[in-house]
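Report on the structure given below.
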Amino acid sequence: MGCPQPRAFPGGAFSGAGMSCLRLFTGLFRRFRSMVLRRPVRLAGQCALCGGCCRNILLMYEGKWLRRPGQYRAMLEHLPNYARFEHAGYDDYGFMIFTCNRLGEDNLCSDYEGRPPLCRNYPSESIYYQGGRLRRDCGYTFEAVTFRDAILRRLGRRPDFAQELGKELHRADNGRKKKEDGQP
Ligand code: SF4
Ligand code: SF4
């Protein structure tokens, strides 16, 4: 079974109960870094149509990742369109894993026009800021500027000492030659 893919309903809280402490910390650190560097994460790439994110899905409802069938039933009362997500088991932390019955054998969505917002918005940057990551085989990637990147860029803008010294020596050498040739 692949890594479960978190999907949050619109308006759901960012920090669901399914987040481990490490993931919560990672998410907070990423937000802090983006804020300090003023460089939000960027979504790059394109969908490789692998269908991977339509299997092994974690669902969030009213700010909580689903753990119990009762939560799932309560969700369906308000969102009957989500009956497409079928309970397929539990992950290592006891959260419900779902798969979607609209996924075709060709790995394409058979209800593309009617797919819910959580599918339309996937993958969103909020996954990154929740400390999550995308599947390794996903065609998208999150591109973020790290503190190391920022430091290296800043160093790169500084004048190179050896280069500046070489220019000075070259100027001095030219001046000496002109004097020797009697030029003003
Ligand atoms: S509705 Fe379509 S896009 Fe959404 S999980 Fe199902 S197959 Fe994937
Ligand atoms: S896992 Fe990534 S590449 Fe695969 S279908 Fe989902 S968005 Fe597209």
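Where does the charge balance sit around residue 40 when Lys and Arg score +1, Asp and Glu -1, over other residues with C-beta under 15 Å from its C-beta?
Once all neighbours under 15 Å are counted, the net charge is +3.
Ordering 149, 137, 92 by the number of other Cβ atoms within 10 Å of each residue's own Cβ, fewest first, gives 92, 137, 149.
A simple rule links phi to the HN-Hα coupling: the Karplus curve 6.51 cos²θ - 1.76 cosθ + 1.60 with θ = phi - 60°, which for segment 22-30 gives 4, 5, 4, 5, 4, x, 5, 4, 4 Hz, with x for Gly and Pro.
Per-residue 3J(HN,Hα) values for segment 124-139, derived from phi via the Karplus relation 6.51 cos²θ - 1.76 cosθ + 1.60 with θ = phi - 60°, read 9, 4, 4, 4, 4, 6, 9, x, x, 9, 8, 4, 4, 8, 6, x Hz in sequence order (x marks Gly and Pro).
Where a number appears in this text, it was derived from the coordinates with a stated rule and is not lab data. Since the structure is predicted, the reported quantities are computational estimates derived from the model, not experimental observations. Cβ atoms come from the backbone with ideal geometry, glycine included; neighbour counts cover every protein chain shown.
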